[in-house]
Amino acid sequence: MTKNRVRPTGPIGSDGVINQEPKKRQELADYMSGLNLGDDRDRNRGFLIQCLHKAQELFGYLPESVQLFVADRLGLHLSEVYGVISFYSYFTTVPVGRYRINVCMGTACFVRGADRVLEEFKRHLGIDDGETSENGKFSLGGLRCVGACSLAPVVMVNDKVYGNVAPDKVPDIINDCQ
Amino acid sequence: MIKMTINDRQVQVDASATVLQAARKIGIDIPTLCHLELDCFEVEHRMGSCRVCVVEIEGRPNLAPACCTPVLEGMVVRTNTMRAINARRTILDLLLSDHPKDCLTCEKNGNCNLQELAGELGLHRILYSGEMSNYPVDLANESIVRDLNKCIMCRRCETACNTMQTVGILSGVRRGFEAVVAPSEERPLSDTKCVFCGQCVAACPVGALSAMNRTYDVWRALNDPDKTVVVQTAPAVRVAVGEEFGLEPGTIATGKLVAALRHLGFDKVFDTDFAADLTIMEETTELIGRLKKSENLPILTSCCPGWVKFFEHQFPGLIHIPSTAKSPQQMFGAVAKSYYAEKIGVQPENLVVVSVMPCLAKKYEASREEFSRNGVRDVDIVISTRELASMCKEAGVVFEHLEDEDFDRPLGESSGAGVIFGASGGVLEAALRTTADWLAGEDLSNLDFVEVRGMKGIRDATVTVAGMELKVAISSGLGNARRLLESIQKGEAEYHAIEIMACPGGCLNGGGQPYIHGDTKILEKRRQAIYREDANKPVRKSHLNPDIQKLYQEFLGEPGSPRAHELLHTKYNPRNNF
Amino acid sequence: MIENAKHLREHALELGMRQAKGPRTRILVSMGTCGIAADTEPVLAALREEISRRDLQDVFEVVETGCMGLCHSEPSIEVVDGVEGTMTLYGNVVPGQAAAIIEAGPYEAAGVEVLERTWYCPENEENTNGALQARVVLRNSGRIDPENLDSYLIAGGYQGLARALTEMSPEEVGGEVRESGLRGRGGGGFPTGMKWGFAAARKARDKFVVCNADEGDPGAFMDRAVLEGDPHCVLEAMAIAGYAVGASQGIIYIRAEYPLAIKRLRKAIEQARENGFLGSGIMGGKFSFDIDIKYGAGAFVCGEETALIHSIEGHRGEPTFKPPFPAVSGLWKAPTVVNNVETFANVPAIIRRGADWFKQIGLPECTGTKVFALAGKVSKVGLVEVPMGATLHDIVYGVGGGIRDGREFKAVQTGGPSGGCLKADHLQTPITYETLRALDSMMGSGGMIVMDSDDCMVNVAKFFLDFTLDESCGKCTPCRIGNKRLHEMLTEVCAGRGTQETLAKLKNLSHTIKDTALCGLGQTSPNPVLSTMLQFEDEYREHIEDKKCRAGVCRHLISYVINDDCVGCTLCARNCPVDCISGQRREKHEIDQDKCIKCGVCHSLCKFHAIDKR
Ligand SMILES: Cc1cc2nc3c(=O)[nH]c(=O)nc-3n(C[C@H](O)[C@H](O)[C@H](O)COP(=O)(O)O)c2cc1C
Ligand code: SF4
Ligand code: SF4
Ligand code: SF4
Ligand code: SF4
Ligand code: SF4
Ligand code: SF4
Ligand code: SF4
Ligand code: SF4
Ligand code: FES
Ligand code: FES
Ligand code: FES
């Protein structure tokens, strides 16, 4: 489950996403001013991860300008924010596809052949796990146990769970994404 | 105190000690890589991540890292069992399996903790080879080269940059085998607010962080018949360079240094200390002006480019209070390319000014746009103390056997005040000497302001000069600078003058100095050498330097004159704080 | 607002009576993430619809509960009749069966699959029918409405807290937990009472109680079931812990992948605050305690307690060396008790019923129960809770109904990526922390994956290393680089390129990693390798010497070949993803071995068993 990483071009924050979406920017600002922030930088840092969750929920990903916004308000260095983002697999700095296909890579699914299912998806979509197709439609990834082990192997497309997915079901699932 | 046993020997240590400290106390060495302690700066980097220091402790199922295991009463430790040694060897094997074994061409060759460890552990073959990391080398700035393929993830640089300097450039990024230390989005340093102080380089045990090497450019200039090549050497270089040649730390090697530079072929060997005196002339004039008007105080020193870049990024609201005087290096360049070039009848573009600096930020400073005129840089090439040493070795200069020689004039003449620029507190003391004389209007005999000397990160003092009480503060290390500035911003403290140096301890601990590998006693020896050099000087006040006086008479007029302003002062630009 | 302990008891009694007077039949519908994924929502809708169509709201009450643990038969529902006293469990219910179920009421509906009710024994019942399962942790999951505080109160909720606050001193509470012998269910098995004692002994302005709900072990979902099915019990336990150690702030660190659990927890916290079970002056007394939720963001290592603390502090989730232990210096350097969800879930019952009661369950040195997420090739996949000391056989064959499709049992993997494999020889071993460790495995958090002859043990070891590699924080050398090398060597073995030297190196490196890694992740990551090498040495040997994978999993070591049974139906050729099967209709087909990617599609499609896997 390696993550997609594209080193941004242009000066820091020049993606400008934060300003292209003033409503979301405002919502993020409101969320952060609602936090119980104090003078203690270390304590404020405790809000970082939830702010990143909120920001990713709003913008779909965490481009540099958004990171900068969060860093600024919490009084953190940009590097600290990026260090955290790049640590947690939940966060992404590049946009993800409209359909996020996640193959469960938990043990129960694995012993029922989830790796083959993932291979099939890779082949059909022409992308590796952790990648997004060029048209921005699909992202492929793995996740660990959705807690539906009885239906193993399990595939999640956005919030929808597909159970008992044999490799030959893969094209159907892709076709479902319309 | 507690009692414990290490390798069957009894040892009594403080209850707060680690196993490593206890072992070293009785002369047992345990190898370390990630651990770094800079006691005099209260920096303690106990990452416990490399695991080369593992030892056996009775009653514990696993080996324990000596560097971060606290001692306990009755603890029984073995450092040299088969199990521990084999484990260390395997750890080293793993480190090398993901390490380019480029020692022969590595900047760190001969100075590398990993190389040394490999020698000590006698690993003759790498068993566990496999995929290696592959990162592009960051060569995009003037000062620092980052080759993360050599990074062993000790994270010492992170502590240096974030905890000690609070610049906050470096963070661990990603995880697992892909984990590495990098700026945000893994951008090159040139995109960030890095101040190029080089403290990360000084902390790095291997060649992952190193100085941008410019020795080749120097050789080329020296061998160009159309160029006149002059060199300036900074105050802190002379008390450290000898270490590279096996001289005792704290040896004053000024005369040998001059001789070595002549051997290398420089046309003139000058001294940055001369320019340091010049700096004092300008800065003191500014200070007295502000004191008289009682405005725009405190004045902050501005001779450290790391510090200058730091406040431009992180305290843009304060950019009106630092002195506008250029740093000695740049004053030297400006004077050399005008006054001196004119004097010897050489076009500025044919005069090459080389600096030998304890500092990596000086490399970047010399490249700042405002420090060139008509496309000609005031200072053309900056090399570090270490680079100079390597040039000597390349050229077969047997440094330790050289006879002492003297600097050339006029730009080589300096006072004791110029020398102490190399230690934290020195700039301020030099300024106080001149301030006192000028305010009193006489040549005062009391010129040692010992209260401003020392290694402590933040110091303050109230000194009486000509019946006037001056409150001064000194800080070295940018973390301390930040704390000091914040306390001023909050109105918790008021001062008239503040000296700030980016490197803890000042330039004697610059990022371009010989590596100390955590041995801070070396720094103290360098510091004492600097003050000895000062004490030995016949002239110890900047304004009494005869060549400085002559420079003003012949060329600049008064301190603070329009000409002085044009050549010796600068402006600061607020920069992005990310 | 509950004013005091007495008020609580009276209130609970009154609620119970009110419920008894309500609709006579309650239909419990398993609505955990698992149930919802198995399409329980339409069943629920159909039941509601049926009831209102018949206007039987006074007779039937539909209760959305948490997980019943019957993964193998989801959607599952239970019909509890207050008059007849019957309890009927239905499995694999489809919406079309709603009418029959309502029709039957307290009696078994025809045409609907009825599950054995001996499946488990709830905490509050005498185990008379020899049920293998004893439910303490999951006592309420699947039995109460997790979003309804009253439902919890009727089941004895907050009585433990009330007892602690009114009848016991903090020391006595800690003592009771110590006496009960409860050990940490997060994997390490550290005595909980002792841990609380360390924190209680510290003098500090701030102290914290942290609930570790990170549950990152792939294939484990015990904690999720508790949080979704009985969130209040965790809150109650945390407040009890807070009282015992002198903390006033609790934090639940939960993985972001559990949205339903998060939702239910938030709701529960709100309800608890409104009713005086959390907040200042709990139940009218002096003790104050509140709880915050913090979210993980996809990092298994954040389950490790020091990493978890760093994550809460907003840092990268990198572990640090212990000592200092969190109970001495944890969150923001304050004494911090970190316990697992399941550990906490035991606490209210222990305080309510006493240590002596708890000690009767399980073994003397290992008291209480353990929840396992039983999955893999077993017939009845599910969440099971058994007394400590139950044997693997009890679980796999008793509760789990044996291996699916009548295949042969090969191994059970316990402890997830930190654990190891047990084989048939170990089926009778009573399960405790110690017995598993003696077999190079681990109790871990409770994942239990059953494997059959289709599973290649080398590949299983490689799978777990894949996981570790992905989840290692990368801080220390042995784990960051060592596990990478182990993985590379296993890949070599799976590809048929391994040698005897590879095996020796695997073993040596594994031992060094265990011996030197900084945190529990690295210290246990080689376990799957070592234990499979120990238990299934012959399989490793076959991969190396004979270049064979007997399970037919390692692709480099298998090939698909069409035999003479082929009738030329062309089905395989039409479906081969790389078009490497050729042949005329009604003639024997052939596979181009150079092109075949060994996906196995042809093999599984051929209706004539004409494709051999070698
Ligand atoms: C790599 C690693 C992952 C862990 N993951 C979890 C986890 O997901 N949940 C958990 O409760 N404990 C986990 N633990 C154990 C915790 O570190 C800690 O021991 C536990 O939360 C203590 O609670 P307990 O005493 O109640 O078991 C993990 C440990 C390690 C080394
Ligand atoms: S970093 Fe050290 S070990 Fe690595 S190549 Fe350079 S000198 Fe050799
Ligand atoms: S030590 Fe060996 S490898 Fe290194 S330079 Fe000498 S001969 Fe070459
Ligand atoms: S040079 Fe100084 S500021 Fe730049 S990364 Fe290194 S320590 Fe940080
Ligand atoms: S760059 Fe150097 S100091 Fe920094 S982590 Fe790597 S090896 Fe250590
Ligand atoms: S203190 Fe000296 S060596 Fe350090 S950055 Fe400043 S000028 Fe350079
Ligand atoms: S063992 Fe692994 S997870 Fe633990 S600290 Fe080391 S690298 Fe990180
Ligand atoms: S599916 Fe079976 S029978 Fe049909 S062509 Fe293929 S091998 Fe022959
Ligand atoms: S295994 Fe897959 S690739 Fe190979 S022949 Fe069969 S269908 Fe084609
Ligand atoms: S392992 Fe896939 S859902 Fe649990
Ligand atoms: S020196 Fe002790 S772990 Fe690195
Ligand atoms: S039914 Fe809930 S976990 Fe299986």
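The values are calculated or read from the model by the stated rules, or taken from the named source; none is laboratory data. All of these numbers come straight from a predicted model, not from anything done at the bench. Glycine gets a Cβ as well: all are built from the backbone with ideal geometry, and neighbour counts include every protein chain shown. In case anyone asks, the SASA skips ligands and DNA or RNA and just uses the protein heavy atoms, side chains included. Shrake-Rupley method; radii C 1.70, N 1.55, O 1.52, S 1.80 Å.
Miscellaneous remarks
- Both radii come from the Cα set of the range B:10-57: Rg as radius of gyration, Rh as Kirkwood radius; their ratio Rg/Rh reads 0.96.
- Summed over all non-identical Cα pairs, the Kirkwood treatment of the protein assembly as shown gives a radius of 35.0 Å.
- Translational diffusion coefficient of the range A:40-153 (Stokes-Einstein, Kirkwood radius from Cα pairs, 25 °C, 0.890 mPa s): 156 µm²/s.
- Interface area, A with C, accessible, probe 1.4 Å, both sides summed, Å² nearest 100: 3800 Å²
- For C:His487, the accessible area of its heavy atoms, probed at 1.4 Å with every protein chain present, is near 30 square angstrom.
- Our summary of shape: the Cα atoms of the range C:37-124 have principal axis extents of 34, 32, 24 Å, ordered from largest down, in whole angstrom.
- The heavy atoms of B:Trp438 present about 90 square angstrom of accessible area, all protein chains included, probe 1.4 Å.
- Cα-based convex hull, chain C, per residue volume (Å³, whole number): 161 Å³
- Evaluated on the range C:342-397, the Kirkwood hydrodynamic radius is 12.4 Å, with distances taken between all distinct Cα atoms.
- In Hz, Karplus ³J(HN,Hα) per residue of the range C:347-357 (6.51, -1.76, 1.60; θ = phi - 60°; x = Gly, Pro): 4, x, 5, 5, 5, 5, 10, x, 4, 4, 4
- Helix axis angle, C:231-245 relative to chain C longest principal axis, alpha carbon, degrees: 70 degrees
- Kirkwood hydrodynamic radius over Cα pairs of the range C:418-510, then Stokes diffusion coefficient at 25 °C and 0.890 mPa s, in µm²/s: 167 µm²/s
- Environment charge of B:Phe407, counting only residues whose C-beta is closer than 12 Å and scoring Lys/Arg +1, Asp/Glu -1: -4
- Neighbourhood charge, 15 Å Cβ-Cβ cut-off, centred on C:Ser559 and excluding it, Lys, Arg +1 and Asp, Glu -1: +3
- Dipole moment magnitude, nearest 20 debye, the range C:457-546 about Cα centre, only Lys, Arg, Asp, Glu C-beta charged: 480 debye
- With the largest listed first and rounded to whole Å, the semi-axes of the equivalent ellipsoid of the range A:127-173 from the Cα gyration tensor are 20, 12, 9.
- In Hz, Karplus ³J(HN,Hα) per residue of the range B:243-259 (6.51, -1.76, 1.60; θ = phi - 60°; x = Gly, Pro): 4, 5, 10, x, 6, 4, x, x, 6, 8, 10, 4, x, 5, 4, 4, 4
- Table column - 3J(HN,Hα) (Hz), the range B:261-271, Karplus curve with 6.51, -1.76, 1.60, x for Gly and Pro: 5, 5, 4, 6, x, 5, 6, 9, 10, 10, 10
- Buried accessible surface for the B/C chain pair comes to about 2800 Å², total over both chains, computed with a 1.4 Å probe.
- Listing of the range A:142-178 residues, each with accessible area lower by at least 10 Å² in the full protein assembly than in the chain alone (probe 1.4 Å): A:Arg144, A:Cys145, A:Val146, A:Gly147, A:Ala148, A:Cys149, A:Ser150, A:Leu151, A:Val161, A:Pro167, A:Asp168
- Semi-axes of the equivalent ellipsoid of the range B:309-426 are 27, 20, 16 Å, computed as sqrt(5λ) over the eigenvalues of the C-alpha gyration tensor in descending order.
- Using distinct alpha-carbon pairs, which all enter the 1/r mean, Kirkwood radius of the range B:415-557 in Å: 16.1 Å
- Amide hydrogen neighbours beyond the local backbone of B:Val173, cut-off 5 Å, H modeled: B:Val180, B:Val181, B:Ala182
- Carbon + sulfur, % of accessible area of the protein assembly as shown - ligands and nucleic acids excluded, 1.4 Å: 48 percent
- With one equal scatterer per alpha carbon and no solvent term, the Debye-computed log10 I(q)/I(0) for the range A:17-87 at 0.24 1/Å reads -1.10.
- Long-range amide H partners of B:Asp98 with built H, under 5 Å: none
- Rounded, prolate or oblate (a/c below 1.5 giving rounded, otherwise prolate when a/b exceeds b/c) for the range B:374-426 by Cα gyration tensor: oblate
- Interchain or long-range residues, amide H under 5 Å from C:Gly447's placed H: C:Ala373, C:Gly415, C:Gly416
- On a per residue basis, the convex hull of the C-alpha atoms belonging to the range B:100-195 measures out at 126 Å³.
- Local electrostatic count, B:Ile458, Cβ distance below 15 Å [Lys/Arg +1, Asp/Glu -1]: 0
- Looking at chain A, the DSSP beta bridges with both ends there are about 55 percent antiparallel.
- Sum of -39500 (n - 2.57) over DSSP H runs of 4+, divided by residues of chain B (222 nm, nearest 500): -9000 deg cm²/dmol
- Its Cα gyration tensor gives the range B:227-568 an equivalent ellipsoid, and the semi-axes of that ellipsoid, as √(5λ) in whole Å with the largest first, are 29, 23, 19.
- Excluding ligands, DNA and RNA and using a 1.4 Å probe, chains A and B jointly bury around 1800 Å² of accessible surface, summed across both partners.
- For chain B, the Stokes-Einstein estimate of translational diffusion at 10 °C and a viscosity of 1.306 mPa s comes to 64 µm²/s, using the Kirkwood hydrodynamic radius over alpha-carbon pairs.
- Beta bridges per DSSP, both residues in the protein assembly as shown: antiparallel share near 55 percent.
- Percent of C-alpha pairs per 5 Å bin, the range C:457-546, short to long: 3, 16, 30, 26, 15, 8, 2, 0
- Residue-normalised accessible area of the protein assembly as shown, given per residue in Å² at a 1.4 Å probe: 37 Å²
- Base-10 log of normalised Debye intensity for the range C:171-268 (one unit scatterer per alpha-carbon) at q = 0.14, 0.16, 0.22 Å⁻¹: -0.56, -0.73, -1.20
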